[in-house]
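First comes the structure, then the notes that go with it.
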Amino acid sequence: MNIIMNRRSLSRFGCIAALAVMSTVASLAESSHTLIAGQSDYSRKQGYYLSFANDSTYGTLSLSTLKLLLLAADGTHWSTLCASGPFVFNHEYKVVGTIGGGHESLVVDGGNALQTEAVLAPCSLDLSIDNWWARGDADYQIIIDRVIVQSGGQTVDRDLRPPASLPFALQQIDRESLQRLATPRLDLSTGSVCITAWLHIVTTSSIKSAWPLIDQYGQMIAAKFPGKVITDSDLDAEAAKESARLDRIGVPKNFDKYGGRTDLGWTSKATGYFRVEKRNGIWWLITPIGNPCFYTGICSIPAVFWPSTPVTGRESLYSWLPDKDGRFHDAWGQSDGVSRFSFRAANLIRKFSGDWRAKETALSAKRLRTLGFSGVAKWGQLNDIASFPVLHIDAPKLLRHSDIFDVAVGQKISQSLSSQITPQLSDPNVVGWSIGNEVDEIIKPEEIADILSRDGGTAAKRALVDHALASIYEGNMAKLSSSWHIAASSPADIYASQKLQPPQADVEALRQYFADVYYGFLYDAVKKIDANHLYFGFWFPADLPNIESSWALMLRHVDVIGYDRYEYCANGIADSDFAKLLASTGKPAFCGEFGYTLDYDGTRGFCFSRNNPIHTEKQEGQAYERWIRSAASNAYIVGGGWFKYNDQPITGQGGAHGPNFLIESENAAWGIYTDQDQPRWTLFDHMRKANLAAANIRAAVTGPR
């Protein structure tokens, strides 16, 4: 990412000021704020951050207005150090920011320390490295090469330099990938932290000298690799080769139409719907016609248009973008005023004549069957093939979730779910229902704080207050009033107050209460509409730390525990702690999403990480086999969904736009098929082998593991 400092001593860098660096962003013509490292919640005055800031009302930003800021919060206000230029291009800077002992200091290139009084209050926040919250038009780019953050006896050392052997254009893309990697949450209980960063600044013109980056097929121009599409005839040749190979391989036998096995020597009751059954201590998914199934699925199939990439303001990244009214009209889309283009759709239009959508959809079904998958997982649907529809809630929300204590809101939720479920009420291809996805459905502490800050007419607030009084304080109004810092003689007094200050332990207890009631309401609502299909919950993000309490709340209100987990484990599905967590529930579980990104060592422009163990198709295929083998051997896991069918675009699939964004959101090579609709044959072969063996592996398991 971006940042810089002058080689002269810091005593030349001017101001110490309490800057409201974020409040002015919206009113300025251009604003660029580049985070070096930080753990912060600005509105709550918690944490710290070291960043560059540049705000101007005069158009394009320049080095003359660039500032380096170090901020620390004590819970009531921010203490700020500000080092202002002059900054220079092409100089390697070393910046050290230290907070602790009642002070904060900032040192650039070993010069004099800029200091002020500061207190960092203990808090628990995620660490972010090399990021931004505003990225306006500037004539410079700050390049962060390395960051070391030390706190609470922990050290995070992030090297952000891409492989020097790569062409400059690939280095640009790979650097943005390295910026986006997740970082651990460092302990701030000691109230001290040290950030050391090495960085330099280059001109924007030098960055853009390598543009355009993307060719007419959605590939990096600078990338050189076997099988790269050069002309339309390459698409035709690969299509003919694939067709012949799929026919030669054929669809595997001994599977029913729902993915169940017909050759395991036993069947169960046919109910016309998917269900689960425990047999000899092992959970199985049973297909509508009664066959045992270890379900393997593909997410996001057929995805004939998605994912697309935002192009507004970024047109210069691409060597080719067609007219919106011509042959490639259907490859264009728009969202929130931003034009989007799907290179996948454009390649399918090139590849097929006539109804390209129908042809790709039919081919996708053939591929899925030939690969030995049971059916579709999340985010997709194919005709007459099993799938996992994900429902959404169309009802008013509080901060993040609806007020299920409000009868009218509850009715709207039920109506919303009914409108989605009823058309497939008797569909045997629906494996089961789920609502929402991952982190979005976890009830967070800030939601409880928001509810308690609302007026007394909010049903959820009254319910939380009543629960706290009855269950936490055993009806003792005086004790609650003292603990919550309020003068109250009745529940009505508490309802009316919008300045409640419950202790953290109470907030957590109320979070768990709200979540338990909320998840229970959704489960009951679905079952009242449809008593036959399974319910999987909300695809719990099992990669998160400290998940036990939220996991326990969710699992009480599902038929099968739906979870997603991407963490790479050399032995397969999980580390021993997660395996124990699965076993502790006693319930069957289904992994809605798992997958491994293929980075090609940064040589093709896809999401790149030095810590990623998957660099080749063979490694990806072997990882898939390990996952299937270990999951099928687990007594509780009844299947999993591979994320996903095709790749994400190299320039990202998110919603932002503008010339300073090379990658917008996710840009990983997840796919069994590329954006050029070409198979990764080595991965293909490993997947088919694993899928065909999965049920036999499970059948050989003799007891819970």
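The values are calculated or read from the model by the stated rules, or taken from the named source; none is laboratory data. If you're wondering where the values come from, they're calculated on a predicted model, not measured in any experiment. Methodologically, a virtual Cβ is constructed for each residue, glycine included, from the backbone with ideal geometry; neighbour enumeration extends over all protein chains shown. What goes into the accessible areas is simple: the full protein's heavy atoms, side chains included, and nothing from ligands, DNA or RNA. Shrake-Rupley method; radii C 1.70, N 1.55, O 1.52, S 1.80 Å.
Relative to the Cα centre, the charge distribution of the chain, modelled as +1 at Lys and Arg Cβ and -1 at Asp and Glu Cβ, gives a dipole magnitude of about 1480 debye. In the full protein context, the stretch 141-194 carries 39 Å² of accessible surface per residue, based on a 1.4 Å probe and ignoring ligands, DNA and RNA. P(r) for the stretch 180-257, from all Cα pairs and a bin width of 5 Å, is 3, 8, 9, 10, 10, 9, 9, 10, 9, 7, 6, 7, 3, 0 %, short bins first.
Each helix, a run of at least 4 DSSP H residues, gives -39500 (n - 2.57); summed and divided by the residues of the chain, these come to -8000 deg cm²/dmol at 222 nm. Probing with 1.4 Å while keeping every protein chain in the model, the per residue accessible area of the stretch 463-582 equals 44 Å².
Amide H contacts for Phe255 (H built 1.01 Å from N in the peptide plane; partners 5 or more residues away or on another chain; cut-off under 5 Å): Thr262. In this structure, Thr312 and Thr231 have a Cβ-Cβ separation that, at R0 = 45 Å, corresponds to a calculated FRET efficiency of about 0.95. At most 16 other Cβ atoms within 10 Å and a DSSP loop assignment: could you name the chymotrypsin sites (Phe, Trp or Tyr not before Pro) in the stretch 225-283 that fit? Those that pass, being in a loop and sparsely packed, are Trp266.
Label reach from Ser43 (point 7 Å along Cα→C-beta): in the stretch 441-459, amide nitrogens under 19 Å belong to 441-455. Distant-in-sequence amide contacts of Phe305, defined by a placed amide H-H separation under 5 Å and a gap of 5 or more residues or a different chain, comprise nothing.
Taken about its Cα centre, the stretch 410-492 carries a charge dipole of about 340 debye when Lys and Arg each add +1 at the Cβ and Asp and Glu each add -1 at the Cβ. Applying 1/(1 + (r/R0)^6) with r as the Cβ-Cβ distance of Ile289 and Ser189 and R0 = 56 angstrom yields a FRET efficiency of 0.45.
The figure for Thr204 is an accessible area of roughly 10 square angstrom, using a 1.4 Å probe on the protein chains alone. Mean silhouette area of the stretch 384-524, derived from the convex hull of its C-alpha atoms and averaged over all directions, reads 9.0 nm². Each 5 Å bin from zero holds the following percent of Cα-Cα pairs in the stretch 86-145: 4, 12, 16, 19, 22, 16, 8, 2. Heavy atoms of the protein chains alone define the surface here; on that basis the stretch 245-335 has 44 Å² accessible area per residue at 1.4 Å probe size. Approximating the spin labels as points 7 Å out from Cα along Cα→Cβ, the Asp247-to-Val156 distance works out to 5.4 nm. Couplings 3J(HN,Hα) for the stretch 358-366, derived from phi with the Karplus relation 6.51 cos²θ - 1.76 cosθ + 1.60 (θ = phi - 60°), are 5, 5, 5, 5, 5, 5, 4, 5, 5 Hz, where x marks Gly and Pro. In this structure, Ser268 and Lys527 have a Cβ-Cβ separation that, at R0 = 22 Å, corresponds to a calculated FRET efficiency of about 0.50.
Which of Lys366/Lys444; Lys94/Lys228; Lys351/Lys644; Lys587/Lys689; Lys412/Lys580 have a Cα-Cα distance over 31 Å? Those over the limit are Lys366/Lys444; Lys94/Lys228; Lys412/Lys580. With every protein chain in place and a 1.4 angstrom probe, the accessible-area ranking of Asp137, Asp530, largest first, reads Asp137, Asp530. Per-atom-type breakdown for the chain gives carbon and sulfur 51% of the accessible area (1.4 Å probe, protein chains only). Backbone amide hydrogens, once placed in the peptide plane, bring Ala589 within less than 5 Å of Ile561, Ile637, Val638, excluding anything fewer than 5 places away on its chain.
Annotation: Cα Rg of the stretch 340-455 relative to the compact-globule expectation 2.2 N^0.38 Å equals 1.47. Pairwise Cα separations in the stretch 606-686 fall into 5 Å bins from 0 onward with the following percentages, short to long: 3, 13, 18, 21, 18, 13, 8, 4, 2, 1, 0. Converting the Cα gyration tensor eigenvalues of the stretch 506-569 into ellipsoid dimensions via √(5λ) gives semi-axes, longest first, of 22, 18, 6 Å. Local charge for Gln676 was computed over the other residues whose Cβ lies under 13 Å away, with Lys and Arg +1 and Asp and Glu -1, and equals -4.
Return the inverse of the average 1/r over all pairs of distinct C-alpha atoms in the chain, which is the Kirkwood hydrodynamic radius, in Å to one decimal. The answer is 28.0 Å. Only beta bridges with both residues in the chain are counted; by DSSP, about 80 percent of them are antiparallel. Full extension of the segment from Ser549 to Ala121, taken as 0.36 nm per residue of separation minus the current Cα-Cα distance, would add 151.5 nm.
Within the chain, the longest run free of GluC sites (Glu not before Pro) that sit in a DSSP loop with at most 14 other Cβ atoms within 10 Å is 93-473. A straight Cα-to-Cα reach below 21 Å connects Lys479 with the lysines Lys461, Lys499, residues fewer than 8 places away in its own chain not being considered.
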